[in-house]
Amino acid sequence: MDLDDLYQEIILEHYKEPKNQGTVADANVHVEGRNPFCGDEIKLTMLVQEGIVQDIKFTGSGCAISQSSASVMTEHIKGKRVEEVKKLFEEFGHLVRGEEHMHEQIDDMDELSAFQGVSAFPTRVKCAMLAWNAMKEGIEKELERYAE
Ligand code: ZN
């Protein structure tokens, strides 16, 4: 099995059996994302405390890329510090846009790398980034509220 097949398999697995589906009961971050180009929708709930993403769950509908990207994302950011999550967001953005990146957070065998093929299809970049953009927006709102 070559790397492309493996990547395809990862995306389909997460689409068929998404991880962290549902709603975090004691969430302090609620955010929704929509991608009108493809009809994708994501609802995220998170518990962010002491600078750490303690819990994250999502519900949504749409294409395989958008839903599997949300699933893989939740697995990667749960339990991580907000600063680490922001670095991961930046690097994942570079990866799906086909830009040079540092490979500090993501290597070829990481499930996040499965989405690098998206860079060949610019309209799908929005699908892959939907959950990530929503997550970042939600965390920033929560941090602003905390700072006041
Ligand atoms: Zn889509």
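The values are calculated or read from the model by the stated rules, or taken from the named source; none is laboratory data. Every value quoted in this text rests on a predicted model; they were computed, and no experiment measured them. Positions of Cβ are backbone-derived with ideal geometry, glycine not excepted, and every protein chain shown enters the neighbour counts. We work out accessible area using only protein heavy atoms, side chains counted, and drop any ligands, DNA or RNA first. Shrake-Rupley method; radii C 1.70, N 1.55, O 1.52, S 1.80 Å.
Overview of results
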read-out: Some residue of segment 46-65 being without any contact (Cβ under 8 Å) to a residue 60 or more places away in the chain, within 13 Å of the chain's Cα centre (by Cα) and buried (at least 19 other Cβ atoms within 10 Å of the Cβ); value: yes
read-out: Qualifying residues in segment 85-125 (those that are of a type in the set (G, A, S) and farther than 17 Å from V72 by Cβ) - the one least open to solvent (accessible area, probe 1.4 Å); value: G98
read-out: Per-region count, segment 65-91, residues touching a Phe, Trp or Tyr at 6+ places or on another chain (Cβ under 7 Å) and either among the small types (G, A, S) or modelled with pLDDT under 95 (or both); value: 3
read-out: Enumeration of residues in segment 50-75 that are among the aliphatic types (A, V, I, L, M) and within 16 Å of the ligand (Cβ to nearest atom); value: A64, I65, A70, V72, M73
read-out: The one condition in (1) in contact with a Ser or Thr (Cβ under 6 Å, 6 or more places away or on another chain); (2) open to solvent by less than 50 Å² (accessible area, probe 1.4 Å); (3) closer than 16 Å to L143 by Cα that H30 fails to fulfil; value: (2)
read-out: Any hit, segment 3-14, residues being of a type outside the set (A, V, I, L, M, F, W, C) and at pLDDT 95 or above; value: yes
read-out: Residues that are open to solvent by less than 60 Å² (accessible area, probe 1.4 Å) and among the charged types (D, E, K, R), drawn from segment 126-148; value: K136, E142
read-out: Flag if N20 is within 16 Å of the ligand (Cβ to nearest atom) and closer than 18 Å to L130 by Cβ; value: no
read-out: Any hit, segment 111-126, residues being more than 18 Å from D5 (Cα to Cα), more than 16 Å from the ligand (Cβ to nearest atom) and part of a helix (DSSP H, G or I); value: no
